[in-house]
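Below: one structure, written as structure tokens.
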Amino acid sequence: MGRIRIIAGEFKGRRLAVPEGRRVRPTAERVREALFSILGERVIGARVLDAYAGTGALGLEALSRGAHEVVFVESDRAAVRRLREHLETLGAVDRCSVHEAEAVSWLKAPCGAEIFDLILADPPYAGGEGQRLAGPAAARRLAPGGWLVLEREAARAPVEAGGEILPLFRTARYGGTCLDFYRLPGS
């Protein structure tokens, strides 16, 4: 078993076990640290979606840093089970929900249609998942002025998220990883 460490906030320093293997690829600690440094106070009080949650590293970090609520969406059954265990361990079940589903299908589903201030997505690098997620699928679930942060391999070009619908605001590169920040126009 590998481990992820929560970097800052309420759960700072907590280490949580994650399954080893290629099915789940946690966002590197240094990339998470940079991501939340860029987001800063936008996380505090936010409703956050961790799409392609995997280990839950992004959503758990957001929760630790003051997010009001985090929704995790992950299709891998073992990862979902482990994520639920993490929430129990941290005593954070009442501030989170976990859905075992494919992220894009979940975003497009009419039931619930929750709105988020921040969507964090670390989809599989291969297969075009980032392209399917960005644009209308994510934009319809973002609050005005909300952010989508999409992780990708640095060797790949940023996803076209629909230009005016969800314009690319910023890209940050950390070694072989890029974070693309898209912002829905609004307040």
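Among Ala92, Ala17, which is farther than 23 Å from Arg152 by Cα, surrounded by fewer than 16 Cβ atoms within 10 Å (Cβ to Cβ), at pLDDT below 95 and among the hydrophobic types (A, V, I, L, M, F, W, C)?
Details: Ala92 fails: surrounded by fewer than 16 Cβ atoms within 10 Å (Cβ to Cβ).
Selected residue: Ala17, the only one of Ala92, Ala17 that is farther than 23 Å from Arg152 by Cα, surrounded by fewer than 16 Cβ atoms within 10 Å (Cβ to Cβ), at pLDDT below 95 and among the hydrophobic types (A, V, I, L, M, F, W, C).
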Original post:
Looking only at the stretch 139-176, which residues are in contact (Cβ under 8 Å) with a residue 60 or more places away in the chain and buried (at least 19 other Cβ atoms within 10 Å of the Cβ)?
Top reply: Arg141, Trp147, Val149, Glu151
Original post:
Of Glu100, Glu69, which residue is crowded, with 18+ Cβ neighbours inside 10 Å and at pLDDT 95 or above?
Top reply: Glu69
**OP:** Would you check which residues across the stretch 133-163 are in contact with a Pro (Cβ under 8 Å, 6 or more places away or on another chain) and either among the aliphatic types (A, V, I, L, M) or on the phi < 0 side of the Ramachandran plot (or both) and list them?
**Re:** Leu133, Pro144, Leu150, Glu151, Arg152, Ala161
Subject >> Failed condition for Tyr52, given (1) more than 18 Å from His99 (Cβ to Cβ); (2) crowded, with 22+ Cβ neighbours inside 10 Å; (3) of a type in the set (Phe, Trp, Tyr) >> reply: (1)
**OP:** Please find, among Ala138, Ala121, the residue that is of a type in the set (Gly, Ala, Ser), within 21 Å of Ala34 (Cα to Cα) and modelled with pLDDT of 85 or more.
**Re:** Ala121
**OP:** Would you check if there is a residue in the stretch 113-133 being free of Cβ contacts under 8 Å to residues at least 60 places away in the same chain and in contact with a helix residue (DSSP H, G or I) (Cβ under 7 Å, 6 or more places away or on another chain)?
**Re:** yes
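Within the stretch 157-187, count every residue that is charged (D, E, K, R), in contact with a helix residue (DSSP H, G or I) (Cβ under 9 Å, 6 or more places away or on another chain), under 13 Å from Ala134 (Cβ atoms) and modelled with pLDDT of 85 or more. Spell out the reasoning first.
Quick first cut of the stretch 157-187, residues charged (D, E, K, R) only: 160, 164, 170, 173, 180, 183.
Right, trim to in contact with a helix residue (DSSP H, G or I) (Cβ under 9 Å, 6 or more places away or on another chain) and you get 160, 170, 180.
Restricting the remaining residues to those that are under 13 Å from Ala134 (Cβ atoms) gives 160, 180.
Subsequent filtering for residues that are modelled with pLDDT of 85 or more retains 180.
Residues flagged as charged (D, E, K, R), in contact with a helix residue (DSSP H, G or I) (Cβ under 9 Å, 6 or more places away or on another chain), under 13 Å from Ala134 (Cβ atoms) and modelled with pLDDT of 85 or more within the stretch 157-187 amount to 1.
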**OP:** For the stretch 25-41, enumerate the residues that are touching a strand residue (DSSP E or B) at 6+ places or on another chain (Cβ under 9 Å) and buried (at least 18 other Cβ atoms within 10 Å of the Cβ).
**Re:** Pro26, Thr27, Val31, Arg32, Leu35, Leu39
Original post:
Looking at this structure, is Arg82 basic (Lys, Arg), in contact (Cβ under 8 Å) with a residue 60 or more places away in the chain, under 26 Å from Leu142 (Cα atoms) and surrounded by 16 or more Cβ atoms within 10 Å (Cβ to Cβ)?
Top reply: no
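The values are calculated or read from the model by the stated rules, or taken from the named source; none is laboratory data. For clarity, every value in this text was computed on a predicted model and none was experimentally measured. Here the Cβ is made from the backbone with ideal geometry for all residues, glycine too, and neighbour counts use every protein chain on show.
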